[in-house]
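S.K.: Take this structure first; my questions come after.
The values are calculated or read from the model by the stated rules, or taken from the named source; none is laboratory data. The structure displayed is predicted, hence computed values, not measured ones. Every residue, glycine as well, gets a Cβ built from its backbone with ideal geometry; the counts of neighbours run over all protein chains shown. Surface areas here come from the heavy atoms of the whole protein model, side chains and all, with no ligands, DNA or RNA. Shrake-Rupley method; radii C 1.70, N 1.55, O 1.52, S 1.80 Å.
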Amino acid sequence: MGMTITEKNMARHAGVAEVKAGQIVECKVDAILMNDITFPPALKEFKKIGKPVFDKERIYLVPDHFTPNKDIKSAEQSKIMRDFVRAEGITHYFEVGRMGIEHVLLPEEGLVAPGDMIIGADSHTCTYGALGAFATGVGSTDAGVAMARGKTWFKVPETIKVVLDGKPGKWITGKDIVLELIGRIGVDGARYKAIEYHGTALQYMSMTDRLTICNMAIEAGGKCGVFPYDEITKAYVTGRVKRDFTPVTADSDAEYCEEVHIDVSKLQPVVAFPHLPSNTHYITDVKEPITIDQVVIGSCTNGRFEDLQAAASILKGRKVADFVRCIVVPGSQTVYDEAMKAGLIDTFIKAGCAVSTPTCGPCLGGYMGIMAAGERTVSTTNRNFRGRMGHVDSEVYLASPYVAAASAVMGRLAGPEEVQ
């Protein structure tokens, strides 16, 4: 029996000919990622081992969650990371002003390659499966130990095959596709499973779409999400990745635990209502007006240039509704620069948006967009659990940049067709 992309990647990094779902394996890792929240506890575990880091060039440290520092405690956490970087000579450290949201930054900087095995002390590390890597989130303890050993252990996951066929309609993005999938299988539908994407629709999916889709594998309970290496992947990594890499492809006789088929040509813009990413509805099916107080456009899910471009296409020449706060968060300094040169920042400002430096702040309810009791946000982020972005009696509606921007203009949950 052949192997899936994830199984083949694990076998390679475990140094064995083959692996099977359910097997426990120890794998060498190509890189380890940590942020300002998860690094300090990882460092405590690392120090207990008493060994140097396994590779100064394969540890990626990005202070992005509570930075620019929101208070004394967050400043102290960032200082722990900064002092470690200086002491150990870590190569890939991204300070405020030269940084981005980690899962936007790493692919952009060419630090993730097809066929890599990457762990990160952040659940959305699964983003990098868009490039054909095995990437998954781990706890700070595992990350701290791997920082010394360069290895970690896994149970080989089963793989769900998701077949995406058809050509997406005008307003359909990777966000709509992944929300449709989560709506079908539930927030535990892929629990400790890999999600492998196939189908004719892949030819229409940009790397931005793929990064968004893999980013939210964890919202379906997934261990990872992964796209096959193709011409779109090749075009993205060419000129970015400066080291050798070997893509992994699934065998034709690979065994999958389940198949899910989605005709993307039939999709309408999808919105996840409170308080689960699986509570999905088509925007065209929303009949009663749902007034809103805030819109957040950005995050590791939808903070790339194409995401801002989509939002700006709706906001251009229009105004954010009265009493609605619209916060735009470019995913990296590079995205910010590209958006500025393309005139998108000007569009946002003239529309009445607040434009932020790159930060995860609003998404996790850290700062820069906290809600009071009774308030509602339409957000391009990835989670809408109760209390995720503020008070437990606030509400988060997850949507694409098109829907988020349209909602900002209309002052209620709205689709892009309504403002065109």
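S.K.: In nanometres, what is the gap between the two model label sites at Arg191 and Asp165, each 7 Å from Cα along Cα-to-Cβ?
M.R.: Taking the simple label geometry, Arg191 and Asp165 are separated by 3.1 nm.
S.K.: Can you compute the FRET efficiency between Lys28 and Ser206 using 1/(1 + (r/R0)^6), with r the Cβ-Cβ distance and R0 = 35 Å? Round to the nearest 0.05.
M.R.: Taking R0 as 35 Å, the efficiency between Lys28 and Ser206 is 0.65.
S.K.: Then there is this: Looking at the range 148-233, which trypsin sites (Lys or Arg not before Pro) are in a loop (DSSP not H, G, I, E or B) and have at most 14 other Cβ atoms within 10 Å?
M.R.: Here the trypsin sites (Lys or Arg not before Pro) that fit, given the DSSP loop and packing criteria, are Lys170, Arg191.
S.K.: Could you give the nm distance between label points at Trp153 and Lys73, where each point is 7 Å from its Cα heading toward the beta carbon?
M.R.: In this crude spin-label approximation the distance works out to 3.3 nm.
S.K.: Here is a follow-up. Taking the structure as given and computing Rg/Rh (Cα atoms, Kirkwood Rh), which label from (1) 1.23; (2) 0.96; (3) 1.04 fits?
M.R.: (2)
S.K.: Roughly how many whole Å is it from the C-alpha centroid of the range 330-394 to that of the range 245-281?
M.R.: 26 Å
S.K.: In addition: Can you tell me which of Gly120, Gly366, Gly225 moves the most in a GNM of the chain? Springs connect C-alpha atoms under 10 Å apart.
M.R.: For the chain, modelled as a Gaussian network with Cα springs under 10 Å, the answer is Gly366.
S.K.: Compute the FRET efficiency between Arg184 and His275 as 1/(1 + (r/R0)^6), taking r as their Cβ-Cβ distance and R0 = 25 Å, and round to the nearest 0.05.
M.R.: The computed FRET efficiency comes out at 0.85.
S.K.: Rounded to the nearest percent, how much of the accessible area of the chain (1.4 Å probe, protein heavy atoms only) is carbon and sulfur?
M.R.: Exposed carbon and sulfur together represent 50 percent of the surface.
S.K.: A further question on this structure: Over the range 325-418, what is the mean sequence separation of C-alpha contacts under 8 Å (at least six apart), divided by residue count, expressed as relative contact order in percent?
M.R.: 20 percent
S.K.: Take the chain, connect every pair of alpha-carbon atoms lying under 10 Å apart with a spring to form a Gaussian network, then pick out the residue of Ala220, Ala373, Ala201 with the largest mean-square fluctuation.
M.R.: Of Ala220, Ala373, Ala201, the Gaussian network model singles out Ala373 as fluctuating most.
S.K.: What are the residues whose amide H is under 5 Å from the amide H of Tyr60, where those residues sit 5 or more places off or on another chain and H is modelled from the backbone?
M.R.: Ile32, Leu33, Met34
S.K.: Loop only by DSSP, 15 or fewer other Cβ within 10 Å of the Cβ. Give me the trypsin sites (Lys or Arg not before Pro) in the range 35-138 that pass, ordered by residue number.
M.R.: Lys56, Lys70, Arg98
S.K.: Now, a different point. In angstroms, what radius of gyration and Dmax does the range 63-174 have, counting Cα atoms only?
M.R.: Rg, Dmax (Cα atoms, Å): 17.1, 53.
S.K.: How far is the Cα center of the range 77-151 from the Cα center of the range 43-62, in Å?
M.R.: The range 77-151 and the range 43-62 have Cα centres separated by 11 Å.
S.K.: Let me ask something else about it. Taking only Cα atoms and a 10 Å spring cutoff, compute GNM fluctuations for the chain and point out the largest among Ala404, Ala143, Ala42.
M.R.: With Cα springs under 10 Å in the chain, the top fluctuation among Ala404, Ala143, Ala42 is at Ala42.
S.K.: Mind running the shape call on the range 146-265? Use the C-alpha gyration tensor, a ≥ b ≥ c as the square roots of the eigenvalues: rounded below 1.5 for a/c, prolate if a/b tops b/c, oblate otherwise.
M.R.: Because a/c hits 1.5 or more and a/b fails to exceed b/c, the range 146-265 counts as oblate.
S.K.: Additional query: To the nearest 0.05, what FRET efficiency results for Asp285 and Asp253 with a Förster distance of 41 Å applied to their C-beta separation?
M.R.: It comes out at approximately 0.50.
S.K.: Suppose a student asked you for the relative contact order of the range 287-329, using Cα pairs under 8 Å spaced at least 6 residues apart; what percent would you report?
M.R.: RCO, the range 287-329: 60 percent.
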